[in-house]
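Working notes, structure below.
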Amino acid sequence: MNTCSSHSRVSSIILTTVSLAAVLCTSANAQGRVPGRRMGIVVDERLSVLRASPDLYGRLLRRIGRGRTVSITGQNRSREGILFYSVRVSSRTRGWLQKEAVIIPRRAGEDERLLRLINASADSDRVARARIFLDAFPHSPLRPGVLLLFGDAAERAAVKLSHDASRRLNAEEMQANDAPVFSYSLNYGGLDRYNRQGVRFAFDHDQRKFHYEGASWREIIRRYPRSPEAAQARSRLAASLAKIR
């Protein structure tokens, strides 16, 4: 067999294979496949319905909790113009999530989008979404501002928790047991959702009031001492320490 002819035939096969692969890749992308996988984090549980098809009328599979990470493998737009991500929640659970339900930390501008949602949130929702921001965007220039928001939201929560605990914890019932009365306050169920977000409260035994212990404010002072937020953090931390004393 002629060596040159053999090499030519092999080259032709390789070129054909490469061309076919390129066509398949182009076709896959045209159908909404995303090259590689990206991690998404659920931030808006009002929209986080996992559906069997990329459509608002698609069969509901389950609702994905806020803060849950999902693997994004594709995307498709519904007839109404809503963009859905094809996601894998676990090895056995897949479906379609509306785009606005999640953020993609590695995508430019997602920190700004989440901050808008944080600013529009209140109470424990603001704390939870700020916590997601702080975990997902460790190098964002918006981080000092979010740390300040996180602390302010926690201090407002402390006021509400103090009121709720004093109203719901019955003094006579607490005294009927041998446990110290103040321990009931520190075990109050309303603290649980905040503890899960890494929020810690100090407790004034005399006034029976909670106060945010100030971790996010101290982080601003430590990591961003020259930021505009640093002066505010020092002021808030000083006021908080004065209350605890």
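The values are calculated or read from the model by the stated rules, or taken from the named source; none is laboratory data. These figures come from a predicted structure and were not determined experimentally. Every residue, glycine as well, gets a Cβ built from its backbone with ideal geometry; the counts of neighbours run over all protein chains shown. Heavy atoms of the whole protein, side chains included, go into the accessibility calculation; ligands, DNA and RNA do not. Shrake-Rupley method; radii C 1.70, N 1.55, O 1.52, S 1.80 Å.
Under the simplified labelling scheme, the Glu45-Arg168 pair shows an inter-label distance of 1.6 nm, with each label point 7 Å from Cα along Cα→Cβ. Here the contact order of region 121-245, divided by its residue count and restricted to Cα pairs under 8 Å and six or more residues apart, works out to 28 percent. Expressed as a whole percent, the accessible area of region 93-245 that falls on carbon and sulfur atoms is 48 (1.4 Å probe). Its Kirkwood hydrodynamic radius, worked out from the mean inverse distance over all distinct Cα pairs, puts region 124-245 at 15.3 Å. Were the residues from His139 through Arg226 laid out at 0.36 nm apart, the gain over their Cα-Cα distance would be 29.7 nm. Within the shell defined by Cβ-Cβ distances under 12 Å, the residues around Ala230 carry a net charge of +4, with Lys and Arg each +1 and Asp and Glu each -1. Between the amide H of Arg77 and those of Phe84, distances stay under 5 Å, these residues lying 5 or more places away or on another chain, with hydrogens modeled in the peptide plane. Converting phi to 3J(HN,Hα) with the Karplus coefficients 6.51, -1.76 and 1.60 and the offset θ = phi - 60°, region 123-136 yields 6, 5, 5, 5, 4, 5, 6, 5, 4, 4, 4, 5, 7, 8 Hz in sequence order, with x at every glycine or proline. Spin-label model, Asp206/Asp123: points 7 Å from Cα along the beta carbon direction are separated by 3.1 nm. Evaluating 6.51 cos²θ - 1.76 cosθ + 1.60 at θ = phi - 60° for every residue in region 214-222, the Karplus couplings come out as x, 4, 5, 5, 5, 5, 4, 5, 6 Hz, glycine and proline recorded as x.
Can you check how the C-alpha radius of gyration of region 40-113 compares to 2.2 N^0.38 Å, as a plain ratio? The partial results should precede the final answer.
Details: Rg = 11.3 Å, N = 74, 2.2 N^0.38 = 11.3 Å.
Rg over 2.2 N^0.38 Å, computed on Cα atoms: 1.00.
The amide H of Gly67, built 1.01 Å from its N in the peptide plane, has Val42, Val43 as neighbours under 5 Å, considering only residues 5 or more places off or on other chains. Taking a quarter of the surface of the Cα convex hull of region 176-241 gives a mean projected area of 5.6 nm². Taking the Cβ of Val102 as the center, what net charge do the other residues with Cβ under 11 Å away carry, scoring Lys and Arg +1 and Asp and Glu -1? Around Val102, the charge tally is +2.
The charge dipole of region 125-185, taken about its Cα centre with unit charges on the Cβ of Lys, Arg, Asp and Glu (plus for the first two, minus for the last two), comes to roughly 380 debye. Given H placed on each backbone N at 1.01 Å, which residues far from Arg94 in sequence or on other chains put an amide H within less than 5 Å of it? Hits under the 5 Å cutoff: Val89.
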